[in-house]
Every structure is written in structure tokens, then in C-alpha cells.
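What follows is a set of notes on a single structure, which appears directly below.
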Amino acid sequence: MPAISPFIEKTFSCPVCDARGKHRLLRERIFVAEDRESDQHITQYRWLREVTQQAHPPYFFLLYCPECLYADTAEDFAAPNKNTFLPLLTRALRNAGEKELLVIQLLGAQVKGRRADFETNLALHLLAVYQHSLPKKDFQDAYKIGRLLLRTAWLYREQGASGAQELHVALREDAARPERAIATLLEQVDVLKTALDQLAEKWDAFGAHLKVCQDEKENTGGGSVEDVFAERQKNIEPLLSSMGDEISRLRIACKQELAAAVKPELAKAERPARSESDLQAFFEKVQALWPSVPTDEGEAMRMAIPFFQRTLSSDPRIDSAQAQFSLVSLITDLLIRCDDLDKAFVMVREMYKSAATARQSCLEKLRDPNLDAAARRRFEARGNRAGESLEQASELRYQLIDLLIERNRPTIDKVLAEHRGAAREVLEKALLERGVPPGILPRLLEEGGSLSKGKKR
């Protein structure tokens, strides 16, 4: 068959501003994943048709609107009606403050022209992460943000560890830039404002409860509580009000200083970064406004983990045991890659329990003699999947235990040397007191393990 273009061109309306525009997408079913890493990163593709030009599929995962700079997955951009988070996201974008708009402009300037290269797609992924993180926590699509951050980590990985690390170090050395200090101060002011708002809510609740107490005492002839609390209440209320006013003034001052520091750089940002020095300068500007922007693979993965954890606990899309197991496996893999073995071990333990419970539930259903054939096949399939998940969790658990033992090896050896010949109970207590995870003790007690030769009491 003759070679074909890997792309098709379609016209969509922007989900946010309704501007019509042409977008280039990869054809469906034109390639398959040949090889994946443990975190699902595809390392090799196989094209099912001969193509007229090569294309790197991850560079075409997102679409964006050149008019308003809105960025989203190609799937949700093309079919916005299926995105239940879109109305609240649109409201957050339209209500964005000056700082947020500056970040969007800086990132959007790097995307104009949509080149199929690392720099453009890194900026596009960061633009999508930033925009979809604007709504309040409860209204965010945590699963999408986690996926975007994970894909950002993959972009850094594909670019190469050395280049990404050099960029990361250079940016850390530049952390003293005045605008970055102002941006960090603004973030802290926002934390203070949130805390004060919460205190004001609690104070209102206290006032309401005080009024109830007062009415009850008066109704029972016990006198009034007004004299006891009224003076304190009158003193505290103006303090809360004045603190709120001062924090608002401080926020305005920070934003004005930040805008004055960064706005002159926006004109320079219109030229997309195409070299390492350009990319570093671009990131310096973004970090001035968005200090937590991920600048390497590790940071992007660490930022993705809490979003995936929120998805696991509250997203109705993760409604099957298999979907839950897959997401737990992914979170565990990311924790291991981030060298957070303790949290990874907890995740694997929960994964093992969940798979065991699911398998046991299926076995109990299959014992029902009145179960019809269709239901029996369904529960058998679920039981088989749960059994496979159980085996995977068990193997992953053993691997994690080995990693934890290796990490704690100096402490284990030191405790054994200090308590040579002691009973197992004494060794176990000493290890736990030194911070050795309790989950690895059974392995140490196995035949041939470090504690297997301890004296039994």
C-alpha cells in the first residue's frame, strides 16, 4: 500500500472561547505500543502503515486554542460536552487574576507555531497543568492533572537525564531572583488568607453557639453569659476584620510588584525558546510566577502522586477493582521511582489486601448453587483477574521488601552487632526502635534471614 500522512486535519470550536480553528491530529489505529516501562511510558512504537513522515505520538496528545491559549487533551478538546469539569474550569479561567494570566501568557508564547519538539510540548503540557489546576481543589479533575504531570515527567525522561538535571540545577541556583521571592511571598500570603477565612468561619460558629447558650441561661433563670464573653467578643471581631483588610492590601502590593518585575519580560517571551540558554531563561520567568513548576522528571512525578491518590479515593471513573488495582500499581511505581519506599510499601500492602478481598468475594459468589451460567462466567473472570492482581502485588511486595532491607542494611547490621546472641524478641524491639519498618521483619525472620539465627525465647 502507498505511504500515507500520519496526520489528519479537523476543525473544532475552542471549549472555552468558541473560536473555530484547524487542528492536526494523528490518525487513529495507525500505530501500536510495542514496549512500555513500568509506569506505562511507551518506549517503542510500531507503525501499522507506511507513513510519509515520522511523528512522535506524545507530541500530539494535547490541543490548544491560539486565541485564548486554552490547552486540553485532544479527546476532551474535540468533545467538550463529555467533560463534566469544563464549566467550573471555564469559570476559573475567566476569573483568573493578573498573576495567573501572566503565567498563561508566558507558557502560551512558547506554544505559538506548535513545533513538534521538546521545548514546545513541555510548555504545552505545563500550560495544561497550570490551567486545569486553577479551580479549587474539590472542583479539579485530579485524574487529568495527574496524567498531565506524568506525561510531563516522560517528556523530561525522553529528553535525557543530563540535560534536565543541568536545567534543574541552574534554576535552583537562580532561586534568589527578586521576582521569585515576591511570588513565593504571594503564595504565603494566600495561605494566610485561607487560614484567616477558616478562622472567621469558626468564629462565626462560636458566636452562634454563644447566642444559644445565652438564650438557654436566660430562659432557665440562670442569668446572662453576656457579661462574661461580650467584652472579649467585641475585642476580637475588629481584630479579625483589620487582619483581613491588611492581608488584602498585602496581596495587592505583591501582585503589583510582581507585575512590574515580570511584564517587561513578556515581550522577550514572544520568541519561543529553542536553545538550552533560552529554555533556562524561559523557566526563570515562569518560576518567578509559578515557583512550584516542575523542572525535572522527579518533580513532575512527585507532583502527580497526590493527584492520583485523590483520584483513587473519590473519582467515580475508577469504579472497578481492576481500575483501582492499576492506579494503585502506578502510584506505587511512582513512589519507588521517587525513592519513597515506605509509602510505596504501604500502598502495596493495601493493594494486596484489596486483591485478596476481591478474590475471596468472587469465590464466595461461585459457591452459590443457584448462580446462573452467565453470572458464573462473570465471577470466574473477576476472580481470575483478582488472582492475577494478587500475584502481582505479592511479587511487588517482595521486591519492595528487598529494597527496604537493602536501604536499612547498615542499621540492621549495627543492631545485630550490638545484640549478638540476643533473643528474637529483643532484636525485633531494637530494630523497631531504630526505625526499621515492621513490614520487613517477617522476611528477616525467614530461614536464612538476618534474624533467623536469633535465639527463640
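The values are calculated or read from the model by the stated rules, or taken from the named source; none is laboratory data. Fair warning: this is a prediction, and the values are worked out from it, not measured in the lab. No Cβ is skipped: glycine too gets one built from the backbone with ideal geometry, and neighbour counts run over all protein chains shown. We work out accessible area using only protein heavy atoms, side chains counted, and drop any ligands, DNA or RNA first. Shrake-Rupley method; radii C 1.70, N 1.55, O 1.52, S 1.80 Å.
Structure notes:
- Hits in the range 354-397 - residues which are open to solvent by 60 Å² or more (accessible area, probe 1.4 Å), under 20 Å from R443 (Cβ atoms) and touching a residue at least 24 places away in the same chain (Cβ under 8 Å): Q392, R397
- Which numbered condition S326 fails, given (1) at pLDDT 90 or above; (2) under 21 Å from W154 (Cβ atoms): (1)
- Checked against (1) outside any helix (DSSP H, G or I); (2) open to solvent by 40 Å² or more (accessible area, probe 1.4 Å); (3) at pLDDT 85 or above; (4) farther than 24 Å from I336 by Cβ, G448 passes all but condition (3).
- Scanning the range 36-68 for residues being part of a strand (DSSP E or B) and either of a type in the set (K, R) or out of contact with any Asp or Glu (no Cβ under 9 Å at 6 or more places or on another chain) (or both) gives a total of 4.
- Members of the range 126-146 that are of a type in the set (D, E) and open to solvent by less than 40 Å² (accessible area, probe 1.4 Å): D141
- Taking the listed residues D117, D72, D76, the one that is open to solvent by less than 10 Å² (accessible area, probe 1.4 Å), within 28 Å of E28 (Cβ to Cβ) and of a type in the set (D, E, K, R) is D72, with no other qualifying.
- Among the residues examined, L371 qualifies as in a loop (DSSP other than H, G, I, E, B) and not polar (S, T, N, Q).
- Any hit, the range 307-315, residues being outside any helix (DSSP H, G or I) and in contact (Cβ under 8 Å) with a residue 40 or more places away in the chain: yes
- Annotation: L102 fulfils all but one of (1) under 21 Å from the mean Cα position of the chain (by Cα); (2) buried (at least 21 other Cβ atoms within 10 Å of the Cβ); the unmet one is (1).
- Pair list, Cβ < 7 Å and 6+ apart or interchain, from the range 26-40 residues that are under 22 Å from M301 (Cα atoms) to residues that are polar (S, T, N, Q): D35/T43; D35/Q44; R36/T43; E37/T43
- Whichever residue in the range 260-309 is hydroxyl-bearing (S, T, Y) and at pLDDT 80 or above and, among such residues, is least open to solvent (accessible area, probe 1.4 Å): T295
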